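Below is one structure, written out as structure tokens; comments come after it.
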Amino acid sequence: MTEEYASLIERGLHCQEFIVPVGNREITAMIASPNASHLDSDPVLLLTIGGQSTHLIPPNDQPAKFFWEHGHRVVSFPISFEIVADNALKLRTSASKYNVAIEMMRDEFLSGKDPFQTFINEAKAVLKVCIDRKWARPGRIVVTGISRFAYLAFRLMAADEQLNIGGGFAPVTDWRDLSEFNEQRNLKEVADLRLSLFAEKLAGKKIFMAIGSHDERANTLNCCQFFLDLNKENQKRGFDRTYVDLFCTPDPHHTCGDEWYQRGMEILLNWTIAKK
């Protein structure tokens, strides 16, 4: 048992690993649920993006923690390019995992591969197993991510019609904003990754975002532009402005305070229950 799993069990959670087939390979996912006495009679499933080692333990476990405390299940899985970054980091002790993961994802994308589609395929396969095993059902699934993982959450929502509710905290919305893409900033293929170009496929879906008012890392202004583009698409299709929530917070730099995680998850969970 890993240290992370042990810490979850100490918090009174039931944890179960399961194998997920993805094409001709397999990945290992993990679902963590409150014990039976605390499990909701009709639990919602949260897919928290980032992998077990980042988003199921403090300090980035706020979305998962909120769901557990309210009687709901949480599923996660290690993302392919994050695993590669973990291995590479062993040889680059002066670098941070955050930078290495983005650099490796960037290089893979520029080589002609599509790490985003790989992630989407993996996430869809994980959710299919969850649905098949009755851990979840369409319409009762929420997706969240922080920073670069928020970008993945929204890309997944755009690619999967079953996913209609999701949140991003300090979200990356345009990879050109990141220092790791300084030399590739003018490439069309990088510009075409910005989330605003996926707004049409996100129309009619409930989205929550919170970002610091002066977040230079993820670029608050581009997040606001994404918010505007989402609202334009919703307006075209007759959806009102309540479908998208954006909060520009007083948090410093590329951070998001606990209160915004709490507020965001409350909004998303209440929306899910109301849509039952």
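The values are calculated or read from the model by the stated rules, or taken from the named source; none is laboratory data. Computed from a prediction, not measured in an experiment: that's the story for all the values here. Quick reminder, even Gly has a Cβ in these numbers, built from the backbone with ideal geometry, and neighbours come from all protein chains shown.
One residue alone among 211, 207, 141 is under 19 Å from residue 76 (Cβ atoms), buried (at least 18 other Cβ atoms within 10 Å of the Cβ), in contact with a strand residue (DSSP E or B) (Cβ under 9 Å, 6 or more places away or on another chain) and at pLDDT 95 or above, and that residue is 141.
Within region 61-87, residues that are on the phi > 0 side of the Ramachandran plot sit with their Cβ atoms under 8 Å from residues that are modelled with pLDDT of 80 or more and in a helix (DSSP H, G or I), at 6+ positions apart or across chains, in these pairs: 71/38.
Taken over region 98-140, the criterion of being of a type in the set (Val, Ile, Thr) and touching an Asp or Glu at 6+ places or on another chain (Cβ under 9 Å) is satisfied by 100, 102, 118, 120.
Pairs please, first residue from region 123-139 and in contact (Cβ under 8 Å) with a residue 12 or more places away in the chain and closer than 9 Å to residue 162 by Cβ, second anywhere and part of a loop (DSSP other than H, G, I, E, B) and among the polar types (S, T, N, Q), Cβ atoms under 8 Å, 6+ apart in sequence or on different chains. The qualifying pairs are 127/162; 138/162; 139/162; 139/164. Tally the residues that are over 18 Å from residue 261 (Cα atoms), in a helix (DSSP H, G or I) and out of contact with any Asp or Glu (no Cβ under 7 Å at 6 or more places or on another chain), restricting the search to region 212-226. Of the residues in region 212-226, 4 are over 18 Å from residue 261 (Cα atoms), in a helix (DSSP H, G or I) and out of contact with any Asp or Glu (no Cβ under 7 Å at 6 or more places or on another chain).
Restricting attention to region 123-130, does a residue exist that is hydrophobic (A, V, I, L, M, F, W, C), assigned to a helix (DSSP H, G or I), touching a helix residue (DSSP H, G or I) at 6+ places or on another chain (Cβ under 7 Å) and modelled with pLDDT of 95 or more? Yes, the conditions are met somewhere in region 123-130. Only residues that are within 22 Å of residue 245 (Cα to Cα) and assigned to a helix (DSSP H, G or I) were counted across region 178-210, and they come to 8.
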